[in-house]
């Protein structure tokens, strides 16, 4: 029973002596270098994007309606305020939500607020009553991001 397994590994070592003797494969080494370069480039792009825009809305598991997170961004402490609920009123400057716990916060909006609707960039005027929305504010200011889903 185990004799077949021994033969299997022996055959692989014999056919791939160049790789198994040194433990290194030139192809795998090139692949590792290519992946390292790609990850560095991706990290540089993320860092450049993070420096110029507001933070992303954090993924928060479970059922919630209002969360305040204390974070440090570029060595400066901030409070991220995340609200989730149904839009019950919308104007060009404010958004009012009905949260699952019954609270109805009114969140200020600015022309700098980044809005996404169903995962795509959108304008504030695209938002409608009864849509589900998640808002992100930093340090109690106006919403920096609104992520909404249509009916």
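The values are calculated or read from the model by the stated rules, or taken from the named source; none is laboratory data. Keep in mind that what you see is a predicted model, and the values were worked out from it rather than measured. Backbone-built Cβ (ideal geometry, glycine too); neighbour counts: all protein chains shown.
Across the range 120-151, which residue is surrounded by the most Cβ atoms within 10 Å (Cβ to Cβ) among those that are free of Cβ contacts under 8 Å to residues at least 24 places away in the same chain and outside any strand (DSSP E or B)?
Filtering the range 120-151 for residues that are free of Cβ contacts under 8 Å to residues at least 24 places away in the same chain and outside any strand (DSSP E or B), the one surrounded by the most Cβ atoms within 10 Å (Cβ to Cβ) comes out as 126.
For the range 97-142, which positions are within 18 Å of residue 64 (Cβ to Cβ) and touching a helix residue (DSSP H, G or I) at 6+ places or on another chain (Cβ under 6 Å)?
Once the filter is applied, which keeps residues that are within 18 Å of residue 64 (Cβ to Cβ) and touching a helix residue (DSSP H, G or I) at 6+ places or on another chain (Cβ under 6 Å), the range 97-142 yields nothing.
Quick one: residue 125 ticks every box in (1) under 21 Å from the mean Cα position of the chain (by Cα); (2) more than 20 Å from residue 55 (Cβ to Cβ); (3) at pLDDT below 95 bar one, so which box is it?
Single failed check for residue 125: (1).
Can you pull out every residue in the range 95-110 that is modelled with pLDDT under 95 and closer than 27 Å to residue 76 by Cα?
Those that are modelled with pLDDT under 95 and closer than 27 Å to residue 76 by Cα: none in the range 95-110.
Name the single residue, out of those in the range 64-94 being modelled with pLDDT of 90 or more and part of a loop (DSSP other than H, G, I, E, B), that is surrounded by the fewest Cβ atoms within 10 Å (Cβ to Cβ).
75
Please go through the range 95-118 and give me each residue that is exposed (fewer than 14 other Cβ atoms within 10 Å of the Cβ) and free of Cβ contacts under 8 Å to residues at least 12 places away in the same chain, ordered by number.
Residues satisfying the conditions are 102, 111.
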